[in-house]
Amino acid sequence: MKLRVYCVLFLAGLLLGILAAVWIRVPGYMDASYYYTTSMQLAQGKGFSEPYIWNYLGDPAGIPHPSHLYWMPLASIISSIPLRIGPPEFRTAQVVFVVLAALIPVLTCMIAYSLSGSSKTAKRAGFLALAPGFFLPNLVTTDNFTIYALAGSIALWLMAESANRTNAGMWAATGAVIGVCHLSRTDGLLFLIPAFVLLIRSQYRVRSLLGLLLGYLLVMAPWWLRNLSVSGSLLGGASSGMLFMMDYNELFRYPDDPLTVSAWIEAGFMKVAGIRLKAAWSNLMSLIAVNGLIILAPFIVLGGLHARNRKLVKAAVVYLVVLFGVMSFVFPQAGFRGGFFHSSAALLAVGWALASIGFEKMIDWGIQKRGWQQQRAVVLFGGVIVAVIFFLTGWNYYVKVIGKSGVQPVWQASAELYNEAGCFIRQHEDEGIMAAVKDPPSFYAAAGIPAVVIPDGDLHTLQRVVERYAVRWIVLDNDHPDGLAALYDNPELTDWLQLYAHLLDGNEYDVYIFRVLEGEMNEP
């Protein structure tokens, strides 16, 4: 492979990222807002802290409090780098993700060349990476998709090369990159499993294992020590009851009473099993439609079968099987609510490489069995595939980011609503503002106002949160807990909340701004 090929792919990826970033002017959703706002804290010298409470795991005492006790810190660390030298705004943090996203086609090309030894196959794979489908908007915002796609692919490639060369130094490098994956996402820890599988069959297993663990620990140990110092737990004090969640909204329970196996017993076997089967089906459909863009899925399978003896492919398959199992049967609520989508980004480069190989094998089969003319078949089938994947990429971007209006991007509709709500609140109160909203990270990113999350529960639960954290304002929208449906339907329901404003969100749903009346905190 010539250097100019990589340069062209990088520049093409950079151009794609810049175009995608035009309409993405705000983080866009809770995860991205979380990493952006905590990166601002880092850039301003406030350390790993959160100016809001987005869940009640660990029973947070107040605001601010230690950050990244649930989500991992790498996206925030990387976002903070440009913010230290540039303007304190989203566009500044976004730059680094646009540049990193441009490396994905380059890495895909390198992996495809490693698997096939063919420059044509590698170039085609790199070109496929320029149409990342449903992942495109997420790759250029302040989330961990781009980081995980790069680090995960490098980890898979490194463990395969380490197994081929049985070099303890390379295994240490593999462990370090797996540590980077873990610093990006909690399930980055799963990369140790395919590494162990390949390592078992290599020579010098003990020395290689020590190298792998040493590299991993060198990256992760400082973060574990930080967690231990602020939460008393190496893993950050996240609730152990996540395993027993029957509904994703239980993540926002107050107080954080640990869930136990009794939750399963109370729900019954059929419901517990049904949740997991639903998650498995959802994740399987995501794998085919999102990662495989439907049309690429059969070529990925065909390429995987052809290259099944390559250690890189074996490592990728092991990671996929383990990830699918964990996100479907161990943590199904988190899995089908986006966890599998997030973590499968690590397989994008390998998937495109295998799709390119599978395409060539399909053409070879047609030439041998059907008498196809190679050039005509490549142009015809290749043209259809390119048209479909670029159409799906553009269509998804349009629907998710721009929306029907074409003037006001739907991507920033939530930020616009929160900014309007924040401006209204500031008109009526200048100091000591504390709000309760559905999405505190996005609210803080848009309005700069500290907030706690509206808990999953009824009016009594909300009242307890209001009293505990001295909440003065509540922003209640259409996406509210079931227990607050009566309040949403009748804003005059209780005497301790006064309706101050009525707004409309981007879908014309009602949004209510309440002020908490001091001295009127009676039982609802």
Exactly one of these conditions fails for Asn478: (1) touching a helix residue (DSSP H, G or I) at 6+ places or on another chain (Cβ under 8 Å); (2) crowded, with 19+ Cβ neighbours inside 10 Å; (3) within 26 Å of Leu57 (Cα to Cα). Give me its number. (2)
Among the numbered conditions (1) in contact with a Leu (Cβ under 7 Å, 6 or more places away or on another chain); (2) over 30 Å from Thr121 (Cβ atoms), tell me where Val322 comes up short. (2)
I want to confirm something. Restricting to the range 193-210 and keeping residues that are under 29 Å from Ala334 (Cβ atoms) and without any contact (Cβ under 8 Å) to a residue 60 or more places away in the chain, which single residue is surrounded by the fewest Cβ atoms within 10 Å (Cβ to Cβ)? Phe196
Suppose the filter is within 17 Å of Gly45 (Cα to Cα) and either in contact (Cβ under 8 Å) with a residue 24 or more places away in the chain or in a helix (DSSP H, G or I) (or both); does Pro105 pass it? no
The range 365-382 residues that are assigned to a helix (DSSP H, G or I), paired with ones that are surrounded by fewer than 12 Cβ atoms within 10 Å (Cβ to Cβ) (beta carbon under 6 Å, 6 or more apart): Ile367/Gln374
Meets criteria (over 24 Å from Tyr148 (Cα atoms) and either part of a helix (DSSP H, G or I) or in contact with a Pro (Cβ under 9 Å, 6 or more places away or on another chain) (or both)) for Leu228: yes
Right, Arg337: of a type in the set (Lys, Arg), over 30 Å from Val384 (Cβ atoms), surrounded by 15 or more Cβ atoms within 10 Å (Cβ to Cβ) and within 18 Å of the chain's Cα centre (by Cα) or not? yes
Give Gly457, Gly403, Gly506 a once-over and let me know the one that is more than 30 Å from Arg25 (Cα to Cα) and touching a helix residue (DSSP H, G or I) at 6+ places or on another chain (Cβ under 6 Å). Gly457
For the range 315-331, pairs from a residue that is under 14 Å from Val350 (Cβ atoms) and β-branched (Val, Ile, Thr) to a residue that is modelled with pLDDT of 95 or more and buried (at least 20 other Cβ atoms within 10 Å of the Cβ), with Cβ under 6 Å and 6 or more apart or across chains, are Val318/Pro194
Would you mind stating whether Phe97 is closer than 30 Å to Ala349 by Cα and of a type outside the set (Asp, Glu)? yes
For residues in the range 260-269 being farther than 18 Å from Phe336 by Cβ and among the aliphatic types (A, V, I, L, M), which is modelled with the highest pLDDT? Ile265
Can you say whether Ala415 is at negative phi and touching a helix residue (DSSP H, G or I) at 6+ places or on another chain (Cβ under 9 Å), as far as the supplied structure shows? yes
For Asp143, the lone unmet condition from (1) surrounded by fewer than 20 Cβ atoms within 10 Å (Cβ to Cβ); (2) in contact with an Asp or Glu (Cβ under 7 Å, 6 or more places away or on another chain); (3) of a type in the set (Asp, Glu) is (1)
Which pairs turn up if I take residues in the range 110-125 that are under 18 Å from Arg4 (Cβ atoms) and not assigned by TED's automatic domain parsing to the domain that holds Ala353 and look for partners that are surrounded by 22 or more Cβ atoms within 10 Å (Cβ to Cβ) and modelled with pLDDT of 95 or more with beta carbon separation below 9 Å, at least 6 apart in sequence or on another chain? none
Test: residue in the range 112-129 that is buried (at least 19 other Cβ atoms within 10 Å of the Cβ) and in a loop (DSSP other than H, G, I, E, B): yes
From the list Gly188, Gly236, Gly175, Gly179, which one is at positive phi and either within 24 Å of the chain's Cα centre (by Cα) or not in a helix (DSSP H, G or I) (or both)? Gly236
Somewhere in the range 131-142, is a residue among the aromatic types (Phe, Trp, Tyr), in contact with a Pro (Cβ under 9 Å, 6 or more places away or on another chain) and at negative phi? no
Can you go through Ser328, Ser356 and tell me which one is out of contact with any Phe, Trp or Tyr (no Cβ under 7 Å at 6 or more places or on another chain), of a type in the set (S, T, N, Q), part of a helix (DSSP H, G or I) and within 24 Å of Ser114 (Cα to Cα)? Ser356
Of everything in the range 243-278 that's in a helix (DSSP H, G or I) and in contact (Cβ under 8 Å) with a residue 60 or more places away in the chain, which residue is surrounded by the most Cβ atoms within 10 Å (Cβ to Cβ)? Leu251
Between a residue in the range 81-92 that is outside the structural domain of Ala32 (by TED's automatic domain parsing) and any residue that is surrounded by fewer than 13 Cβ atoms within 10 Å (Cβ to Cβ), which pairs come within a Cβ distance under 7 Å, given they are 6 or more apart or on different chains? none
Right, Ala387: assigned to a helix (DSSP H, G or I), surrounded by 20 or more Cβ atoms within 10 Å (Cβ to Cβ) and not assigned by TED's automatic domain parsing to the domain that holds Asp477 or not? no
Is it true that some residue in the range 341-362 is in the same structural domain as Gly274 (by TED's automatic domain parsing), free of Cβ contacts under 8 Å to residues at least 24 places away in the same chain and either surrounded by fewer than 18 Cβ atoms within 10 Å (Cβ to Cβ) or not hydroxyl-bearing (Ser, Thr, Tyr) (or both)? no
List every residue pair whose Cβ atoms sit under 8 Å apart, with the two residues 6 or more apart in sequence or on different chains, where the first one lies in the range 166-192 and is over 12 Å from Gly152 (Cα atoms) and in contact (Cβ under 8 Å) with a residue 40 or more places away in the chain and the second, anywhere, is among the hydrophobic types (A, V, I, L, M, F, W, C) and not in a helix (DSSP H, G or I). Thr186/Trp71; Thr186/Met72
How many residues are under 30 Å from Phe135 (Cα atoms) and of a type in the set (Lys, Arg) if we restrict to the range 254-307? 2
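The values are calculated or read from the model by the stated rules, or taken from the named source; none is laboratory data. Because the structure is predicted, anything quoted here is derived from the model rather than measured. Positions of Cβ are backbone-derived with ideal geometry, glycine not excepted, and every protein chain shown enters the neighbour counts.
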